[in-house]
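Here's the structure, in structure tokens; my notes come after.
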Amino acid sequence: MDRDSVDHSGGFSCPVPLSRHAVVTMAHGGGGTIMKRLVDGFVEAFGGPAPGDRHDGAVLELNGGRIAFTTDSYVIDPIFFPGGDIGSLAVHGTVNDLAVCGARPLWLSAGLILGEGFPLDSLKRVVESMADAARRCGVSFVTGDTKVVGHPGCDGIYVNTAGIGAVPPGVDVRPANVRPGDGIVVSGDIGRHGMAIMCAREGIGLETDIVSDSAPIHGMVGSILESGIPVRCMRDLTRGGLAAALSEIASDSATDFVIEESSVPVNGQVRAACELLGFDPLHVANEGRFVTFVPGGMAADLVRLMASFDPESTPACIGTVAGEGTGAVTLRSSLGTRRPMSVLSGEQLPRIC
């Protein structure tokens, strides 16, 4: 049996060996192993950083200083959802990618692809949301582009944002810095964004008030970097959720992680919705959460610092770097049993960001 035909998570996963498809499928954008292979092909063709230097953006030398440069595209459905919209999401996503590179976000570009027939009132609402989010994040749009395509090629609006930020001297956060004994700290409860989108998309009449966690994280990240707590690596938890982020960092750093399942914070309503719909919160996307690796003895200090920003977000130390290895991530239950925390081959939820 092809390894891609196996659902390692116990959640939803396409049973078809997608890696053998001759055409692009939705799974190629789902944040799982299929997408990783696709992106690895781009890296091989274009040239790219060594595994330990891979991040959510590129950190580049420029005139004696360093900048971070990142880009992302947003195709979310629906474009308006509890807690945000495609406009604010595009700003937050790019600002957050710069932040977890250790950069202070400065400038953004905006590329809009509009489907013929898209309501101008909705376009105005999205653009105003982008402008408001940028103001609140302290960043400026400095360039952009607009294209219109026929309706069969676009069902509404797609947004691309790119961003540039300045990396302060001495800041170096990347997978290559992860060390055995490090503590692994997540900034808050996981799974809100994906389940908020799922409920809005399907019109499911759940008795729930789940709101996306879409929000900028650069303020909290800046305070952490200035606190004196030595940060090894950071990563925001978007497509593929916590499981994908941990697996990528473990693989790129050639270390093994042990995660305490009972320590992973999940909101009660999110957990109930996941159980009802058959999703695993470990694989559900977030848009305002990130994971940080610090020396083990500093993990408690980091949790307290994170909690000072938002006590309701329930940051937690969820595990440790067990040692050098092959990039295995093991989930340990409260009963002491162990199971691998694998990445899905495809996706749980398409068009989630």
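The values are calculated or read from the model by the stated rules, or taken from the named source; none is laboratory data. Note that the coordinates shown come from a computational prediction; the quantities given were computed from them, not determined experimentally. Ideal geometry is used to build each Cβ from the backbone, glycine not excepted, and the neighbour counts take in all protein chains shown. Surface areas here come from the heavy atoms of the whole protein model, side chains and all, with no ligands, DNA or RNA. Shrake-Rupley method; radii C 1.70, N 1.55, O 1.52, S 1.80 Å.
In the chain, Cα pairs under 8 Å separated by at least six residues give a relative contact order of 26 percent.
Looking at the chain, what % of its DSSP beta bridges pair antiparallel, to the nearest 5? Don't skip to the end; give the middle numbers.
On the way: 47 of 60 bridges.
So the antiparallel bridges in the chain amount to around 80 percent.
Between Met35, Gly323, Ile157, the Cα set farthest toward the positive side of the dipole of the chain (charges on each charged residue's Cβ, about the Cα centre) is that of Gly323.
Find the accessible area per residue for the range 95-238; the probe is 1.4 Å, ligands and nucleic acids are left out, and the unit is Å².
Values: 6160 Å² over 144 residues.
I get 43 Å² per residue for the range 95-238.
Find the relative contact order for the range 245-317 and round it to a whole percent, using C-alpha pairs within less than 8 Å whose residues are 6+ positions apart. For the range 245-317, the relative contact order is 30 percent.
In the range 127-275, the portion of solvent-accessible area held by carbon and sulfur atoms comes to 49 percent [1.4 Å probe, whole percent, DNA, RNA and ligands not counted]. Gyration tensor analysis over the Cα atoms of the range 105-248 returns equivalent ellipsoid semi-axes of 32, 22, 15 Å (largest first, whole Å).
Which whole-number value in Å³ per residue fits the convex hull of the alpha carbons of the chain?
Working: hull volume 52.2 nm³, N = 353.
Enclosed volume per residue, from the Cα hull, is 148 Å³.
Relative contact order for the range 55-191: 36 percent, from Cα pairs under 8 Å spaced at least 6 residues apart, divided by residue count.
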